[in-house]
Amino acid sequence: MTLMPALKRRLQSIVGEDGIFDDRMHRRVYEADAYAFDSGMPDAVVLPRNADEVQRVVRSCRDSGVSFVPRGSGTGLSAGCVAGPGIIQIGLARMRRILSVDPLARIAVVEAGVINQELSDEVARHGLEFAPDPSSQIACTVGGNFAENAGGPHTLKYGVTLPHVVAARMVSAEGEMVEFRATSAGTPGPDLLALHCGAEGTTGLAVELTLCLTPIPAARRTFLALFATLSDAAGAVRGVVRTGVVPAAMEMVDRIMLDAVQEAFGYTVSRQAAAVLILELDGEADTVEREAAVVERACQEAGAIGLEHAHDEADRARLWRARKHAFGAIGRLAPDYATQDGVVPRAAVPAIVQTIEETAREFGLGIGTVLHAGDGNIHPAILYDGRDEEQVERALAAGRRILDRCIELGGSPTGEHGVGLEKRDFMPMVFCPDELDLMAELRYALDPYGMSNPGKILPA
């Protein structure tokens, strides 16, 4: 489809000729996010520079009866920002101003297009950081973090995005500027901020966020525990949990992922290790030392064949490279890969690891695995060649097998990557018809014409 001439002129008057693209070359850049299996080319891409322009763009779409889909950096993994024919893509990546920082109150006010890592870099001089740290933090936007209620390796201790949001200024699906603030325990009425955080842009577009900042810990201990088998590493997760110590992060990386990182970045881990746990503890120095000793002992009792410690910040960055760079490196192992996102109870981590290994053998595909092991959030990366239709079908079937098993084990088919287009068909496996109807009614109340990010989350 092509953009209506009248709407194009109106949008150009708002964002300028350099703020709208409707030629095929530019639109192709926006046809997908980081999830490989769903794509759709929008009729046009509009790039507003501030909240006022976003509001005017949304109103123009509403007046023309044209739906719209918000987009940050496009690092999502569930096709949540895929638009498609007849739809306008509203990209917020030009809205990158940090509007204010209050170091005493530990608050930052930022536009939705600010990059996650850049916010932490900016406030580090005040001894602060933004705690949510998705693996894509060097590229993802805080607006995208809000839309997905994103997590990251340090979710185990610091939680997902929502607890770090004080307020959100949003443009509703009907073009109204509204603001929602966090509520305290005992406050009457619904928590509307929580309703919008994680709604994937289906209830409107966040344009400005007031965020809590976290003090950089006084001390950190980071170490790598090496294991001869994946099952030993999974058992160590259970052992650490039983100690009662809550690490800031506890990540598992398997041999396939380690090989990818080694080939791409020269990072080497002993070939005897089939998997590693990256563990980090933080807080006051004496507490960290005491807890680190407990966690190290739990790893050794679970069969760790070695421990590697970070002695300074450069060492810490080196150890984290095995995790943070894994998905950036895995493209060296296969032409294509699909990252899955499921959750199981922590006690079921060994069972889901076994399922992933069995699935790889059954479907004849390589599957590299990364886990936010401390909270049971799995990210198996299924390797395939997208030019081979039979491999594509096997990759899709393998992903479904793993997510079905997550549900069987008492977990969820989505953890922190959202539902988007990818997981819609899993929703009836988790929610009953009455619950899905209630969700649909709530969405209709907020967006009666289905204008904002249509077709996402809820099954047709």
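The values are calculated or read from the model by the stated rules, or taken from the named source; none is laboratory data. Computed from a predicted model, the values in this text were never measured in an experiment. Cβ atoms come from the backbone with ideal geometry, glycine included; neighbour counts cover every protein chain shown.
Quick grid of which residues meet (1) of a type in the set (Ser, Thr, Tyr); (2) surrounded by fewer than 17 Cβ atoms within 10 Å (Cβ to Cβ); (3) touching a residue at least 24 places away in the same chain (Cβ under 8 Å); (4) assigned to a loop (DSSP other than H, G, I, E, B):
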| site | (1), (2), (3), (4) |
| --- | --- |
| VAL109 | no, no, yes, no |
| SER120 | yes, no, no, no |
| PHE146 | no, no, yes, no |
| ALA150 | no, no, yes, yes |
| ARG169 | no, no, yes, no |
Checklist line | Candidates THR75, THR141, filtered to the one that is within 21 Å of ALA34 (Cβ to Cβ), surrounded by fewer than 24 Cβ atoms within 10 Å (Cβ to Cβ), among the hydroxyl-bearing types (Ser, Thr, Tyr) and under 21 Å from the mean Cα position of the chain (by Cα) | finding: THR75
Margin query: Which residue is surrounded by the most Cβ atoms within 10 Å (Cβ to Cβ), if the candidates are limited to region 341-398 and must be farther than 20 Å from ALA249 by Cα and of a type in the set (Lys, Arg)?
Written below: ARG394
Check: Here are some residues: GLY40, GLY113, GLY65, GLY84. Which one is closer than 23 Å to ASN149 by Cβ and not hydroxyl-bearing (Ser, Thr, Tyr)?
Finding: GLY113
Margin query: Return the residues of region 345-376 that are touching a helix residue (DSSP H, G or I) at 6+ places or on another chain (Cβ under 8 Å) and either outside the structural domain of LEU396 (by TED's automatic domain parsing) or more than 23 Å from ARG394 (Cβ to Cβ) (or both); say none if nothing qualifies.
Written below: ARG346, ALA347, VAL349, PRO350, HIS372, ALA373, GLY374, ASP375, GLY376
Note to self: Could you check region 38-53 and list, in sequence order, the residues that are modelled with pLDDT of 95 or more and surrounded by fewer than 18 Cβ atoms within 10 Å (Cβ to Cβ)?
What the structure shows: ASN50, ASP52
Checklist line | Selected residue (only one of THR203, THR210 is in contact with a Ser or Thr (Cβ under 8 Å, 6 or more places away or on another chain) and modelled with pLDDT of 95 or more) | finding: THR203
Margin query: I'm checking my understanding of the structure. Among residues of region 399-420 that are touching a residue at least 12 places away in the same chain (Cβ under 8 Å) and among the basic types (Lys, Arg), which one is surrounded by the most Cβ atoms within 10 Å (Cβ to Cβ)?
Written below: ARG405
Note to self: Looking at the structure I just gave you, is GLY420 at pLDDT 95 or above and small (Gly, Ala, Ser)?
What the structure shows: yes
Check: Residues of region 125-144 being part of a strand (DSSP E or B) and under 19 Å from ARG106 (Cα atoms), which ones?
Finding: LEU128, GLU129
Note to self: As an exercise: evaluate ARG323 against (1) charged (D, E, K, R); (2) within 24 Å of GLU389 (Cα to Cα); (3) surrounded by 21 or more Cβ atoms within 10 Å (Cβ to Cβ) and give the number of the one condition it does not meet.
What the structure shows: (2)
Notebook entry, point to check: Across region 10-37, what is the total count of residues that are under 21 Å from ASP63 (Cβ atoms), surrounded by fewer than 18 Cβ atoms within 10 Å (Cβ to Cβ) and hydrophobic (A, V, I, L, M, F, W, C)?
Noted result: 0
Next item on the list: For residues that are of a type in the set (Gly, Ala, Ser) and part of a strand (DSSP E or B), tally how many sit in region 358-376.
Entry: 1
